[in-house]
Amino acid sequence: MLAYRKDLMGIGVQKSGPIWAAAMALAVPLSAVCAPAEVAAQSQREINVPAGRLSSAIRQLARQAGISVAGTGSGLRQVRSRAVRGRYTPSEALRRLLAGTGYRAVAIGRNAYRIERAPRQSQPRRNQPNRASPAPSQTPTPRPAPARPTPPPPPPPPIIVEGTKRAFGPGDYPGGITILDINADRLITGSTSLDDALATIPSVNGTSLGSGRNKVFLRGIADSSFNGPSQSTIGLYLGEQRLTYSAPNPDLRMVDVAAVELLEGPQGTLYGAGTLAGLLRVNPNAPDPSAIDAASWGAASVTAGGGLGWDAGALLNLPVSDGAALRVVGYGGEDAGYIDDPRRGLADINSGSHYGGRAAFSVDIGPDWSVEASGFGQETRLDDGQYIDARLADLTRTDRLAQPFLGRIYGGALTVRGYLGDSELTSVTGLVDHRLSTRFDSSVLVGPNARQAFDETRDIRLITHETRLSGGDPERLNWLVGLGAMRNREDFRQLVTNLSGDNPPPFAQLNFEQDEIAVFGEASYRFAPQWSVTGGARLLYTRSSSERSFGQNEVVEPREGPARLLPALALSYRPREGLIAYARYQEGFRTGGVAIEREPNGDPVTARFDPDQVRSYELGLRGTIDEAAPLDFALTLHHSTWRDIQADLIDGRGFPITRNIGDGSVTGFDGSMTLRAGDGWTFDLAASLNDTGVDRIGPEGGIIRTSIPNVPDYAATLRGSKVWTLGASQEAGLALSGRYMGRSFLDLDQQSRAEQGGFASLDAAAWWQSDAIELRLEAINLTDTRGNRFAFGNPFTARIEDQETPLRPLTVRFQVTVKR
């Protein structure tokens, strides 16, 4: 299942209403687990140390286990160590790491060890019997060998929160976090779409224009329904590399991915501008020099009332030499359409396709240093929009021409890791080239029989660099300092093509460039056995410039100060192992920018929008209640204030505009529970409640208070699964997942809005697997719910049509995976 873990908190909520009532109903019964308990000196920790140089492995283990290790001399750099993954005490983890290396760990104090050569075992001299051996004249009596107990199954690999940049475990991080463990979760549908996986998390929502063109919103920080030049509200990363700045989610397929992390709340201190709502990080599997690994898969699907779909892929992990490996994955597929257009006489018009791949090469360049070069690419095509006109029967709409979309993204990164003394250095340089090409049917602007297309192309080039150094004692003080730089250049082009021959509005092009330089730091200090404080800040400087190929030569630039400070502060309390309570304050902001707007006669002009800022307060409680039948839980109360909200809107004719629409706030409660009931049963429950508001300019000029767009008041998921072990290397399972999405509103402009949401759906899956093969059967939208995910499809007809984006109808999918 989706090893679904939610880490939460919030502050400043009103002491009335459904959010406060739900929070108290769940928090009070669980408060009993907060009673202080004595923590054993040798408590288990989550350890995740890959195979490699023994000197580097010992450093990593010491940091993760919270111990001090002395005696790491130069001889250790010439020795290879095995991987250690699981929950162990520090002494057991060291023993496993050093097994077979010729070294041993000797305890020299509380949580302190010395590494030294293991003494050779003495051998009895020849012709002299061992004292423990019987005399030669005696015949030893054979003793039956004692029965060996069946070893317990190995613990699952630990989850290390890579997004914190200091290898926190979920039980140590003082903030809200959700982790989708892709390898362990059986409830993620066979679709490898990141959009589909995020739809299972109640605190996440977004737009539904189609794969490669959707915005992702987290914890109620939702700016608008359309794609424009405003910066994303979340930071999207592939491993260490930033993928987007002002672009929607490219929906890179989750093929050969270890985990997806969501760090909730602003993450400005560690990640800079554009992380108002948090961080979304996809962690791919790294090259493994210890073994060859290969797999291939293929799947076919059929959609009720629609067409056929398929997807396939393969991966190869190839050790090249000692300490070097190459990992390559390729994939592709086509999604069946299910919307018809009787006016054009077409069926299943909203089909789409995706093709892509990744490659990474990693090599050790010294005893404590490694380099990884990685690259990725994906092309996503949608033949037409995926919305309907609800005034018509069935899943249909009528257009005068097709509205296709093309998303193409390529990129690569160079990552260097190593140690300077006892401190770890990480340096990452990345490049992304991203093209978005969209067409809308704007015929309605011309006449009843005209055919006119509005085409927008956005070419984005993002260059990023970060170098950071971390170190310290995990039991007392550990720290992180870094330097970051970013350049984002975006070229907008808008072209209106009148296929009926009339004169269209003129062509417009705008080039916008944004630079950012920052220094940042963060440290955690344990000032008492159960108390820790974490603080940090980011000082950044931004500069922007724009060029345009139309209109007058006046300069229109965004208003923003030369420098900005983004602080963070958290206090955490751990009454016992596996339980943490925390309070957190964090800030985030987005830079301003320049957008293209249209005069009443259709002439393009430029307009400025200003930076916006979020301040977030969070309270959280997370942990495990019962070790026998573990119940993992996470509760969060959060409150955010949002100033000068940027929003991408559409004007009265349908052309995109970007404005600052006012000030707002978000108060919410998030909760999740996972019960592993034994006998292969697992149950998950998660829910999110939100109370949002924004002050807007009313139709008559006054200030009115409305909810933030695209944020449901309530959302929940309930999932269950059963796994049967069939012998030593086989298993079978069943899973069922249901979700409810509450009602929300879509803003067409500052005065017009449309209702959406308010639906429930159900998915099911069954599988069988062995060491060499896996078979999987899925039923997506088992109840064939129509619903309305998103009340938008075409900006030029949104005010005269009843636009809805339905769920994909009942789809059955069968997949075969072959593994080496």
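What follows is calculated from the coordinates using simple rules that are stated; it is not laboratory data. Source: prediction; values computed, not measured. When we count neighbours, we look across all protein chains shown, and the Cβ atoms used for this are built from the backbone with ideal geometry, even at glycine.
Among the GluC sites (Glu not before Pro) in segment 688-787, those placed in a DSSP loop whose Cβ has at most 16 other Cβ atoms within 10 Å are Glu700.
Relative contact order of segment 773-820: 55 percent, from C-alpha pairs under 8 Å at least 6 residues apart in sequence.
Using Cα positions and a limit of under 14 Å, work out the aspartates and glutamates in reach of Lys215, with same-chain residues fewer than 8 apart set aside. Cross-link targets: Asp195, Asp196, Asp223, Asp251, Asp648. Candidates Thr641, Leu685, Ile703 compared by Cα position along the dipole of segment 587-724: farthest toward the positive end lies Leu685, with charges placed on Cβ.
For the peptides 79-87, 580-588, 764-772, what is the packing order when you average, over each peptide's residues, the other Cβ atoms within 10 Å and list the highest mean first? All intermediate terms of the calculation are to be shown ahead of the outcome.
Values: 79-87: 18.4, 580-588: 23.1, 764-772: 15.7.
Averaged packing, sorted descending, gives the order 580-588, 79-87, 764-772.
Each peptide among 655-664, 385-394 gets the average number of other Cβ atoms lying within 10 Å of its residues, and from highest to lowest they stand as 655-664, 385-394.
Please work out the C-alpha center-to-center distance from segment 405-449 to segment 590-655 and express it in whole Å. Computed from Cα coordinates, the inter-centre distance equals 20 Å.
Go through segment 443-528 and name the GluC sites (Glu not before Pro) that are in a DSSP coil and have 16 or fewer other Cβ atoms within 10 Å of their Cβ.
Passing both the DSSP loop test and the Cβ count: Glu475.
Listed peptides 595-606, 349-360, 427-438, 213-224 appear in the order 213-224, 349-360, 427-438, 595-606 once ranked by packing, highest mean of other Cβ atoms within 10 Å at the front. In order along segment 82-90, the Karplus-derived 3J(HN,Hα) couplings, from 6.51 cos²θ - 1.76 cosθ + 1.60 at θ = phi - 60°, round to 8, 6, 10, 9, x, 9, 9, 6, x Hz, and Gly and Pro are given as x. Sequentially through segment 487-494, phi angles give Karplus couplings (6.51, -1.76, 1.60; θ = phi - 60°) of 9, 10, 10, 10, 10, 9, 9, 10 Hz, Gly and Pro residues having no value and appearing as x.
Placing pseudo-labels 7 Å out from each Cα toward the beta carbon at Thr783 and Ile703 gives an inter-label distance of 4.1 nm.
Would you tally the net charge around Gly738, using a Cβ to Cβ cut-off of less than 10 Å, leaving Gly738 out, and scoring K and R as +1, D and E as -1?
Values: positive: Arg719, Arg739; negative: Asp763.
The answer is +1.
Take the Cβ atoms of Arg608 and Glu547, set R0 to 22 Å, and the FRET efficiency comes out at 0.90. Near Ser665, within a Cβ-to-Cβ distance under 11 Å, what is the net charge of the other residues, with Lys and Arg +1 and Asp and Glu -1? Around Ser665, the charge tally is 0. Dipole check for segment 573-657: with +1 at the C-beta of Lys and Arg, -1 at the C-beta of Asp and Glu, and the Cα centre as origin, the magnitude is about 240 Debye.
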